[in-house]
Amino acid sequence: MADTDLQDLVRRRLLELDITPVEASRRCGWVVAPETIERLARSGGRGFISEAFAGSLAQAIDVPENRVRRAAGLPQIPDQRESISTGPHLRLLRGNG
């Protein structure tokens, strides 16, 4: 199941950001090759995701590292941002206001 979770995450983020695997690779300083990102988006590949690789992939697709780790079935790391309370950024206006 984690295989498809990682595949879905990579594919969805490429679509949401409207970027190619080459652009994603550029985001992480070319640490993750464009071919690797494309392969992950097409066929998954949880087997070769190491703990060190997870951070670079997260940077490439602009998500927190723990999101990649969770999708790949890796252990979570402490993240100070988890305690930040966030709310919706949009407000709904009803009527003429």
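Summary of values
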item: R0 of 25 Å, Cβ-Cβ distance Arg42-Asp62: FRET efficiency to nearest 0.05; result: 0.80
item: Gain in span if fully extended, Ala52 to Val31, counting 0.36 nm per residue against the direct Cα distance; result: 6.5 nm
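Every number here is computed from the coordinates shown, using simple stated rules; none is lab data. Being a predicted model, the structure only gives us computed values, none of them experimental. All Cβ positions, glycine included, derive from the backbone under ideal geometry; neighbour counts span all protein chains shown.
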